[in-house]
Structure formats: structure tokens, C-alpha cells
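Novice: I'd like to ask you about the structure that follows.
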Amino acid sequence: MGKTIVRRILILIPQIIILSLLIFLLANFMPGDALTGKIDPNVSPSRLEELRQQWGYYDPWYIKYGRWVWSALHGDLGESTAYKLPVLELIGQRAGNTFWLSLMTAVISYFIGILLGILSGRYQNQFADKAIVLYTFIALAMPTVVFGLMNIFLFAFKLRWFPMGGSVDVEYVAGTLPYYRDRIYHMILPALTGGLLYTIGTIQFLRSEIIDYKNSDFVITARSKGVPEHKVFSRHIFRNAVLPVASFMGYDIAFLLGGSIFIEYVFSYPGMGRLFIESILRRDYAVVNALIILFAVLTVLGTLLSDVIMTIVDPRIRIK
Amino acid sequence: MEKANTTKEARVPNKDVKSMKAPSFLKLIEKELIKDKAASMSLLILIGILLTVFICATFLNSPGSIRINLEKLNQGPSSEYLLGTDASGRDMLPQLFQGARNSFLIAFGVTLFGGIFGTLVGLCAGFYGGKVDHAMMRLLDFISMLPRLMFIIVLVSLIPNYNVTTFILIITAFSWISDARLIRAKTLQQNSLDYVQASKTLGTSNIVIMFREVLPNIGSMIIVNLTLNLAGNMGLETGLTFLGFGLPFNTPSLGTLIGYAATPENIQRRWWQWLPAAILIFTMMLCINFVGQAVKRAADSRQRAA
């Protein structure tokens, strides 16, 4: 298996090269350049032109690309024109926020998903199952932004249980206990918004797995041996049905990152998704490039992680 | 006596064969819809909404209905303005109709184009197999690695003369992937069946086998997939327009209207500007999903209600 993982990571390298080229060319077409953001009325147009030439603005794209790759390999992804910070440092500041929010979303999503999925499959076509299936339909029909706004309207504005947005109130000192409590408090509503929606995949998967297993040979054998029904479910059915859910975690990375763009925007949460939108609007392309490549790499690594977990929990499957 | 008996007996299996003939897919959907009350209600509601939206969007499209009126800014619902006005004093109701029409048409366009392209690629890859399949799968792998939402946003902010058509094409460029994958898998299944081998032996041309024989056999599955995609695409369009990377500013969509809620003032005090659009998109997506599930059951004999 170690060999396969290495090979998969090696396949990743040409993919990243093509991706970076694609993104670089796109960025090259984007209107404006790094100097547009720095234009100062006191600087004459001829001086700007001089700066552009000095910085290689008129070089052909392949020279620019080479220069970009060279500095990227040295850990320099350029500087954000809007924040006047190295891109890596800027993303580093935001990455933690997105990570914790995604983690909380995933925990909520798995908790609800496994609980409801098992209930739904266990009591198929009974009242609980019908209610849960209705819930999956409602969640499937709810665009993330709409659900987020409704939650803000109801829980933050009408009931005032949660803050409207942001990640932490300014009054708290970083590193203190109330500071972390406030950060968690700010994460609850966005994490619930994501978790309640993203959980449907798990529910639907578990429900159909359990229903399939109910009539499989080994379950019938267990029943005919006289195993009590609750033990048939807890020992034989659930264990088989729940294990593959562990492998969803990798795929969910891509899902959570994509969703973070919507959720962080709606809740004004300062993570990478919001940074991406802000950078596009401010034409801060060094940040945009870096974020796209980061998200793509994480997506691929997530898929790989899922495949690896799958082979661990289910030895019948071997990655080829 | 004996003769009559044999004819009677001979007729019975005949009758059986006739009744066992596979019913058409439309008939199956009809049967499924009659059985599933939620789905038939959803279909009626959906048709109702679409008719209202399309008729009203066409007839209320007079310039007066969305004229800027500086004396009537941010008015609440009244007999004159049923759903109030926005920050420029424009009537919300015609905007809602036009927005719903645009959102639906875009989602429909994306679903249709993505479906056609995905079907073509999936059929070719699955049918020809070998190198064609390998090359196409590598391409699919590469595109599915790209962060879809980010690429759509970058392309939208990049393309000059950006309009509804380009918007549809940009989303389609990423939405056909899942269709192609699914159809490739189904085509591979069909390929191993005897009828395809028999046709090949008879010398039927590949194009004819693909489009006249394999395609009809996986057709119901494609329709199911597209129905369920439609709702997802409406959600995607709404989200993108909400973020400001969807329809151009002068073309309202449900996302534009929901976007009014991004301002704290509006979400707190002016529910009429965004809540109707939010409820409308939710209702439409819910109805499409219910109908889609009924269609799915009709297509899958294992799930079909007996």
C-alpha cells in the first residue's frame, strides 16, 4: 500500500504543474496588475511605466511563469497588494479559522448523520424514518446561503442567541480562556448551518446500507442462530454499515472547503473562503492563485486519504 | 371440446406475454406519481409556480413596473406594492417573477448542456474503451481536482462582455463531469451485455449501436440524473449570484434578491426584499427533488412501488 500512496502522490506532481500553469495564464489575463493597487496620485505615469518595465510586467508569459515558479519553490508566493503582507503569512492567518470551523462543521455533520442514518435504517418506513427522510429532502432543497441567512435572521437577530457574524469580539485578549470561548461561540451558528446541510449524504448512505444489510445472508444466519434482534443490529449490521463512513472524511475536505466560501461570506467569518472572495474583488491575484492551488492540493490529498482509509476499514478493497 | 380447450390454453400465455411487455418510461413515471402523493402535489405546485412566473414575468415586464421611484424607497408591502419596494423604490413583485424565471432558465440551460455534453463524452468513453476511455478519464480526473466554485468565480470575474450565455457555459464547463462519469459507468455495463455484442457481430455501425441501442437503454437513468441536477444547479446559481459572481447586475435572479439580505439593515427590518425569494427558491428546489425521486423510483425496478 505504501507503494501505491507514493505513486498517487507522484501523479499529483504533473497535475499541480498543469494546474499552476492554467492558473498563472488566467491570472495573466486578469485586468489590472500589482501596481494598479499601489497607484499614488503623486507618482507620474512615466514613473509607473518605468516600474512596470523594471518589474518585468512586459516580459513574455513563460518568463513570468518561470520566475513565479522559482520564487514559489523558495517559499515565496508573492505579496498581497491589498494587505501588504506576504501571501503565505496572510493565508496562514486565515487558515486556522477555516480549519476550526470546518472541523466543527464536520463533527456536527457526522454526529447527526450517523445518529439519524442508523435510526432511519433501523426503523425503515416507520414514523421516525419518514420524518428523517423528509428532513433530508428539506436540507437538499436548501441553498447554503439561504439557510445561513435564515439562521442569522432567526437565531442571531430575532432570538439573539448567537452573534450575527465575525470570529471573535475585539474586547477579548488572544490566548485567554474567554477568548477561546468567544471564538467557539462565534463558530456555533455557521458550523450548524453547514453541519445540518452536509449531513444528508451520511444519512442517505447509512440508511440504504442498513436496509441492504438487513436482508443479507450473514444477518439471516445470525437471526436464525437465535441472536436477539437488538444484537443483530448493534453487532452485525451497524458495524458493517458505519465503517465506510470513516472514509468519507477525505472527500469531505473538498466539500467543506467549497462550502466555506458561501458560509464564511454569509457569516462574515474571516477564513480562507472569505479571503478568496475579497481578493478577487480587490484584484489581489497573488492571493487568489495561492488559494486555488492550496484548495486543489487539499482536494487531491483528501481523495487519497479517503482511499487509504477505505482499504484499512474494508480489506476487501485494495487500491490498484 | 378438446379443440376449444387448447385454444383457450394457448391464448392464456399469449395474454400474459402481452401484459408482461415492459411499460414505457412515461407510463411508469405516471404510475409512480399517482402513487406518491407528495410527488404529484410537488409537480402541480411546480407547474403552478412556473406558469405564474413565466406569464407574470412576460406581462409585468413593462418598464414602469421596475422604474426607480425616489419617493417610494424601501416601502413595506401595501396594496400598491404587494411585496414592497427596494432601496431604489422599484417594485419587488415583478423583480421576484423575473428573478425566478432567470434562475430557472439558467439552471435548465446548465443541466441541459451539461447533460448533452456529459452523455456524449460518457458514451464514447464507455463504448470505445481502451485509449479513448483512458484519455478521457485522465481529463475528468484533472477537472474534478480543480476547486470548481473557485474556478467559476475566477472565470466570471475575468471574462469580458460577460452575459447570461457565458454564465451558463462557465458553469456547464464544470457540471458535465459527474454526468460523464455516471454515463460511462452505465455504458460499460451495457457493453458487456449480449445485445451489444450481437449488434457488433451483425456489423451494425458503432454510432448506431451507441445512439439507437445503448442510449435508449440508459435513457431513463439519464433523465433521473438530470432532474436531480436541476435542483442542485438552481442552488448553485443562487449562491453564485448572491456572492456577486452570477448574473450581471441589471438582470435580476433569485440570488440577487436574496443578496439584499447581506446588508444587516435589510435582513433585520425589510423582510419583503429577500424572504419571498428565499422561500420561492426553497419551494422550487423541494418540488423538483420530490418529482426527481418519483422519477428515480420509476426508473429503478427494484425501488418501484409494487
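Novice: Can you give the Kirkwood hydrodynamic radius of segment A:188-320 from its Cα pairs, in Å with one decimal?
Specialist: 17.6
Novice: If you take all C-alpha pairs in segment A:198-241, what percent of them are over 13 Å apart? Walk me through the numbers before you get to the answer.
Specialist: Numbers: 496 of 946 pairs.
The share of Cα pairs beyond 13 Å in segment A:198-241 comes to 52 percent.
Novice: Taking 0.36 nm per residue of separation and subtracting the Cα-Cα distance, what length does fully extending A:Arg7 through A:His74 add? Before the final figure, lay out each step's value.
Specialist: On the way: separation 67, 0.36 × 67 = 24.12 nm, distance 2.46 nm.
Taking A:Arg7 through A:His74 to full extension adds about 21.7 nm, to one decimal.
Novice: While we're looking at this one, here's another question. Any idea what % of Cα-Cα pairs in the protein assembly as shown are farther than 33 Å?
Specialist: Taking all Cα-Cα pairs of the protein assembly as shown, the fraction more than 33 Å apart is 55 percent.
Novice: Listed here are the pairs B:Lys27/B:Lys296; A:Lys130/A:Lys231; B:Lys200/B:Lys296; B:Lys37/B:Lys296; B:Lys186/B:Lys296; which of them are more than 19 Å apart at the Cα? Before the final figure, lay out the partial values.
Specialist: On the way: B:Lys27/B:Lys296 13 Å; A:Lys130/A:Lys231 24 Å; B:Lys200/B:Lys296 31 Å; B:Lys37/B:Lys296 15 Å; B:Lys186/B:Lys296 15 Å.
In this structure, A:Lys130/A:Lys231; B:Lys200/B:Lys296 exceed 19 Å between Cα atoms.
Novice: Right, another one. Output wanted: per-residue J couplings in Hz (rounded whole) for segment B:159-174, from phi through Karplus 6.51 cos²θ - 1.76 cosθ + 1.60, θ = phi - 60°, x for Gly and Pro.
Specialist: Karplus-based 3J(HN,Hα) across segment B:159-174 equals 7, x, 6, 6, 9, 4, 4, 5, 4, 4, 5, 4, 5, 4, 4, 10 Hz.
Novice: Among the helices of chain A (complete DSSP H runs), which have Cα atoms covering no less than 24 Å along the helix axis and a Kyte-Doolittle mean of at least -1.0?
Specialist: Length and hydropathy pass: A:2-29, A:87-122, A:177-198, A:248-266, A:285-313.
Novice: Counting Lys +1, Arg +1, Asp -1, Glu -1, what net charge surrounds B:Asp133 among other residues with beta carbon under 15 Å of its beta carbon?
Specialist: Details: positive: B:Lys131, B:Arg138, B:Arg181, B:Arg184, B:Lys186; negative: B:Asp141.
Summing Lys and Arg as +1 and Asp and Glu as -1 gives +4.
Novice: Hey, can you grab everything whose amide H is under 5 Å from the amide H of A:Ser216? Only 5+ residues off in sequence or another chain; H modelled, so Pro and N-termini drop out.
Specialist: none
Novice: Which residue, chosen from A:Phe99, B:Val208, A:Ile253, occupies the Cα position most advanced towards the positive end of the dipole of the protein assembly as shown, where the dipole is computed from +1 (Lys, Arg) and -1 (Asp, Glu) charges on Cβ about the Cα centre?
Specialist: B:Val208
Novice: For the interface of chains A and B, what total accessible area is buried with a 1.4 Å probe, rounded to the nearest 100 Å²?
Specialist: Counting protein atoms only, the buried area is about 3500 Å².
Novice: Stokes-Einstein diffusion coefficient for segment A:73-123 at 25 °C in a medium of 0.890 mPa s, Rh from the Kirkwood formula over Cα pairs: what value in µm²/s?
Specialist: Estimated via Stokes-Einstein, D reaches 176 µm²/s.
Novice: Report, in cubic angstrom per residue, the convex hull volume of the C-alpha atoms of segment B:181-257.
Specialist: Cα convex hull per residue, to the nearest whole number: 112 Å³.
Novice: While we're on this one: Across segment A:229-237, in residue order, what do the Karplus-derived ³J(HN,Hα) couplings come to in whole Hz, using 6.51 cos²θ - 1.76 cosθ + 1.60 with θ = phi - 60° and x for Gly and Pro?
Specialist: Karplus values, whole Hz, x for Gly and Pro: 4, 5, 6, 4, 6, 5, 8, 9, 7.
Novice: Output needed for segment A:93-314: three equivalent-ellipsoid semi-axes, defined as square roots of 5 times the C-alpha gyration tensor eigenvalues, in descending order, whole Å.
Specialist: Taking √(5λ) for each Cα gyration eigenvalue gives 37, 21, 15 Å.
Novice: Could you give the length gained on full extension between A:Arg239 and A:Ser208, defined as 0.36 nm per residue of separation minus the Cα-Cα distance, in nm? Intermediate results must be reported in sequence, preceding the final value.
Specialist: On the way: separation 31, 0.36 × 31 = 11.16 nm, distance 1.43 nm.
Gain on stretching A:Arg239 to A:Ser208: 9.7 nm.
Novice: Next question. Can you give the accessible area per residue of segment A:93-314, in Å², using a 1.4 Å probe?
Specialist: 45
Novice: To continue, here is another question. Hey, got the dipole for the protein assembly as shown? About the Cα centre, +1 on K and R Cβ, -1 on D and E Cβ, debye to the nearest 20?
Specialist: With Lys and Arg at +1 and Asp and Glu at -1, about 2080 debye.
Novice: Averaged across orientations, what area in nm² does the convex hull of the alpha carbons in segment A:261-310 project?
Specialist: Quarter of the Cα hull surface area: 4.0 nm².
Novice: Another question about this same structure. Restricting to DSSP H runs of at least four residues, report the calculated mean residue ellipticity at 222 nm for the protein assembly as shown, -39500 (n - 2.57) per run over all residues, nearest 500 deg cm²/dmol.
Specialist: After summing the helix terms and dividing by residue count, I get -24000 deg cm²/dmol.
The values are calculated or read from the model by the stated rules, or taken from the named source; none is laboratory data. Predicted model only: the values in this text are computed from it and were never measured. FYI the Cβ positions are ideal-geometry reconstructions off the backbone, even for glycines, and counts take in every protein chain you see. Keep in mind that these areas ignore ligands, DNA and RNA; they rest on the heavy atoms of the full protein, side chains included. Shrake-Rupley method; radii C 1.70, N 1.55, O 1.52, S 1.80 Å.
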